[in-house]
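Report on one structure; see the data block that follows.
The values are calculated or read from the model by the stated rules, or taken from the named source; none is laboratory data. Predicted, not measured: the structure shown is a model, and the values here were computed from it. Glycine also receives a Cβ, built like all others from the backbone with ideal geometry; neighbour counts cover every protein chain displayed.
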Amino acid sequence: MDTRRGERGVHADPAPPNGAACLVLIGGRSGCGKTTVVEQLVTDLPAVYARVPSFTSRARRPGEGDGEYRFVTRAAMLAMSAAGDLFSLDEAYGDYYAMSRRAIEEITDGGRFAVKEMHAKNHPAVLAQLPGTISVLLWLPDERWSDDRVGGEPARRLRLAEDQAYYAALAPDRFDIVHRIEAEETPSMIAQALHVGIQQLAGARCRPAVAKARRP
């Protein structure tokens, strides 16, 4: 789906159709702003979207709190995965990342979309377990790609080069929604377009909020 066809704003259709809700994964190359777009959706429409908390084994970055990630050891993540507490256990750039299974269920059972940024290479594994998941790609053209951190340590430069090569070879038709980021677009404008696309797909792709959430 090309989000350019949508014309409504981010505050249109404030509730999922028929109570349908599902997981929404947002992927895109490093530096494209996917984390900011997720934050924009959650901030602008808190009754519709909720961010899925994740665990990671990577080191905490300077000034980074616990809003997006819960920082634990690799051993702890492997133990949680073995116990079935994690929805998936993915590896990116040598570090583990995983979503909380319970958190996803609590969000979608309550009728909201569980939204999470995730490397595009990990989307298929999630879709295999949750077929109704909506997969989104934020597409940033090569000529507009830049990352202030590209001049950092050699290991990071290598990761960014690998990331650029991966997305250059990626087939966009693997995704439900592809949004090409234009030079003049703000995070709010991107969130508006994604919201329209998600709402258009939700009725057919997402399951209704579970009945057990409404039982006395």
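Assorted remarks:
- Segment 53-66, residues that are without any contact (Cβ under 8 Å) to a residue 24 or more places away in the chain and either buried (at least 16 other Cβ atoms within 10 Å of the Cβ) or under 22 Å from residue 115 (Cβ atoms) (or both): 61, 64, 65, 66
- Long-range neighbours under 6 Å by Cβ, at least six apart or interchain, first residue outside the structural domain of residue 38 (by TED's automatic domain parsing) within segment 67-85, second basic (Lys, Arg): 71/60
- When residues of segment 43-71 are limited to those that are assigned to a loop (DSSP other than H, G, I, E, B) and among the aliphatic types (A, V, I, L, M), the one nearest to residue 87 (Cα to Cα): 52
- Residue 75 satisfies every condition listed in (1) in a strand (DSSP E or B); (2) of a type in the set (A, V, I, L, M); (3) surrounded by fewer than 16 Cβ atoms within 10 Å (Cβ to Cβ) except (1).
- Taking segment 108-129 as the range and being of a type in the set (Val, Ile, Thr) and buried (at least 22 other Cβ atoms within 10 Å of the Cβ) as the test, the residues that pass are 108, 115.
- In segment 45-59, of all residues being closer than 15 Å to residue 35 by Cβ and not aliphatic (A, V, I, L, M), the one that is farthest from the chain's Cα centre (by Cα) corresponds to 58.
- Segment 102-216 holds no strands (runs of 3 or more DSSP E) entirely within its bounds that carry 1 or more residues that are at positive phi, at pLDDT below 90 and not assigned by TED's automatic domain parsing to the domain that holds residue 28.
- Residues satisfying the stated conditions in segment 19-40, i.e. closer than 17 Å to residue 133 by Cβ and either in a loop (DSSP other than H, G, I, E, B) or among the polar types (S, T, N, Q) (or both): 22
- Any hit, segment 13-33, residues being modelled with pLDDT under 90, crowded, with 20+ Cβ neighbours inside 10 Å and outside the structural domain of residue 161 (by TED's automatic domain parsing): no
- Within segment 81-103, tally of residues that are more than 18 Å from residue 128 (Cβ to Cβ) and surrounded by 17 or more Cβ atoms within 10 Å (Cβ to Cβ): 3
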